[in-house]
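Below is one structure, written out as structure tokens; the observations come after it.
The values are calculated or read from the model by the stated rules, or taken from the named source; none is laboratory data. Computed from a predicted structure; not experimentally measured. Glycine also receives a Cβ, built like all others from the backbone with ideal geometry; neighbour counts cover every protein chain displayed.
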Amino acid sequence: MNSSTAQAILIAANSLASLISAGFCIAGMIRPGLALPRGTTVNGGTHLYANAYGARAIPLAAVTLALFAMGDRSTVAPVLAVAGLAQIGDLAIGVQQRNKGMAISAGLLGVLHLASAWWFHML
């Protein structure tokens, strides 16, 4: 696989990951109970967490997508590193909350973003 093909795949994968993250975030802001285990009550803390997550995830996804759309590869690596670290934070929360879906998806997206940040930095 040549460098331009790898770059196109990484751009597509990270763009999709950003859209998925923002989509789950918006769904969680609308219905905060979606990510909770069955039988857990939605309360003020649940709403606060969902909105706080949105305050981070939506702008981060928007910036990531905008940089890819503009073709600005020079700033993609640091933004992907921040996105990857945010996902690793979400992984830690998922593990602490015993939420397998959150832990696995955040872990995978974190690895994708961090590996892609490294790759774009090496260009």
Subject >> Subset tally (residues that are assigned to a helix (DSSP H, G or I) and under 29 Å from Arg38 (Cα atoms)) for segment 84-123 >> reply: 25
Subject >> Hits in segment 28-58 (condition: surrounded by 12 or more Cβ atoms within 10 Å (Cβ to Cβ), modelled with pLDDT under 90 and either in contact with a strand residue (DSSP E or B) (Cβ under 9 Å, 6 or more places away or on another chain) or part of a loop (DSSP other than H, G, I, E, B) (or both)) >> reply: Leu36
**OP:** Find all pairs meeting these conditions: Cβ atoms under 8 angstrom apart; at least six residues apart or on different chains; first residue within segment 39-51 and without any contact (Cβ under 8 Å) to a residue 12 or more places away in the chain; second residue in a helix (DSSP H, G or I).
**Re:** Thr40/Gly33; Val42/Pro32; Val42/Gly33
Subject >> Contacts under 6 angstrom Cβ, first residue in segment 91-111 being touching a residue at least 40 places away in the same chain (Cβ under 8 Å), partner buried (at least 17 other Cβ atoms within 10 Å of the Cβ) and assigned to a helix (DSSP H, G or I), 6 or more apart >> reply: Met102/Gly94; Leu109/Ala17; Leu109/Gln87
Original post:
Under the condition of being in contact with a helix residue (DSSP H, G or I) (Cβ under 6 Å, 6 or more places away or on another chain), crowded, with 18+ Cβ neighbours inside 10 Å and not β-branched (Val, Ile, Thr), which residue from segment 78-95 is nearest to Trp118 (Cα to Cα)?
Top reply: Leu80
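This table checks each residue for (1) among the polar types (S, T, N, Q); (2) over 15 Å from the mean Cα position of the chain (by Cα).
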residue	(1), (2)
Ala57	no, no
Ala62	no, no
Gly71	no, yes
Ala81	no, no
Gly84	no, no
Gln97	yes, yes
Lys100	no, yes
Leu108	no, no
Ala115	no, no
